[in-house]
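Asks: I have a structure here, written as structure tokens, and I will follow up with some questions on it.
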Amino acid sequence: SGINAEYGRHLLRYTGEPWEEHTLPVSMEGFSEWMAMKDADDMPFGNLPFIEDEGKKITQSVTVLRYLARKFGLFPSDPADILHCEIIEQELYDLRNKMSSVCYNPYSGFGPFPGSETGKFDHEFLKARFSKRVAERIPKFDKILTKPFVLGEKPCYVDFLTYEILDQLRRFLPSTFEGCDNVAAYLDRFEGLPGLKEWFSSEDYKKGSYINAPMAAWHGKDQ
């Protein structure tokens, strides 16, 4: 939940908008608290992460990102720009979902959900296959990330998603980014944005964070 919230946090850091955060521990206590939230009438699908703003609870991480972008003037108005952003958005989400399937064992049990007695999870095999996919896709990003940001001189909503997912993939499969100088320069520019430059140089950031939950075969913290 906190993992999928990071691009929304980046947007808030950039705007300078303060927020209060509540995270759930990866434990049975956190699981129980989530189950109670899922049953609330004002959150019909009970997804994490969610934000509460002006009396509304808003779920689904990209929906949250789009909502915040509209609120702070970071959502494009031109239909062609919106289409371009949405294509990038969905490509990134395809890659992130595939990464999750590589890193999480679908046969393991958690909480009240039992594991499989016969399923076999081969992380290294899946990682090698996924690496070929990423190595084919990153050069395509290199061809389109030729401007300072996706649409031009200033970031829009999809830049916060683009940075976060490309950075996660770079940490997981660094060799697939070799030779993609436009992508590297884009990531550097993002880290230099007002509000974000301070975050990326902070002690909290340097402590490291989970890209996937701690039970994943690769979670990204100190790995």
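The values are calculated or read from the model by the stated rules, or taken from the named source; none is laboratory data. Since the model is a prediction, treat every value here as computed from it, not as a measurement. Here the Cβ is made from the backbone with ideal geometry for all residues, glycine too, and neighbour counts use every protein chain on show. In case anyone asks, the SASA skips ligands and DNA or RNA and just uses the protein heavy atoms, side chains included. Shrake-Rupley method; radii C 1.70, N 1.55, O 1.52, S 1.80 Å.
Asks: Report every pair of residues separated by at least 6 positions or lying on different chains whose Cβ atoms are under 6 Å apart, first residue within region 163-186 and touching a residue at least 60 places away in the same chain (Cβ under 8 Å), second in a helix (DSSP H, G or I).
Replies: Once the first residue is touching a residue at least 60 places away in the same chain (Cβ under 8 Å) and sits in region 163-186, its partners that are in a helix (DSSP H, G or I) give 163/190; 164/6; 164/7; 165/92; 165/96; 169/134.
Asks: Being open to solvent by less than 70 Å² (accessible area, probe 1.4 Å) and not hydroxyl-bearing (Ser, Thr, Tyr) is the filter here, so list the residues in region 107-121 that pass it.
Replies: 109, 111, 115, 119, 121
Asks: Scan region 95-106 for residues that are surrounded by 12 or more Cβ atoms within 10 Å (Cβ to Cβ) and assigned to a loop (DSSP other than H, G, I, E, B) and jot them down.
Replies: 104, 105
Asks: For region 146-163, which residues satisfy the criterion of being under 16 Å from the mean Cα position of the chain (by Cα) and either surrounded by fewer than 22 Cβ atoms within 10 Å (Cβ to Cβ) or of a type in the set (A, V, I, L, M, F, W, C) (or both)?
Replies: Residues satisfying the conditions are 156, 158, 160, 161.
Asks: Restricting the search to region 107-128, which residues are in contact (Cβ under 8 Å) with a residue 24 or more places away in the chain and either under 19 Å from residue 218 (Cβ atoms) or part of a helix (DSSP H, G or I) (or both)?
Replies: 108, 110, 121, 123, 126, 127, listed by residue number.
Asks: Restricting to region 41-64, name every residue that is open to solvent by 30 Å² or more (accessible area, probe 1.4 Å) and hydrophobic (A, V, I, L, M, F, W, C).
Replies: 45, 48, 50, 51
Asks: Could you tell me whether any residue of region 188-204 is open to solvent by less than 10 Å² (accessible area, probe 1.4 Å) and within 17 Å of residue 140 (Cβ to Cβ)?
Replies: no
Asks: Open to solvent by less than 60 Å² (accessible area, probe 1.4 Å) and either more than 25 Å from residue 195 (Cα to Cα) or modelled with pLDDT of 90 or more (or both), is that true of residue 14?
Replies: No.
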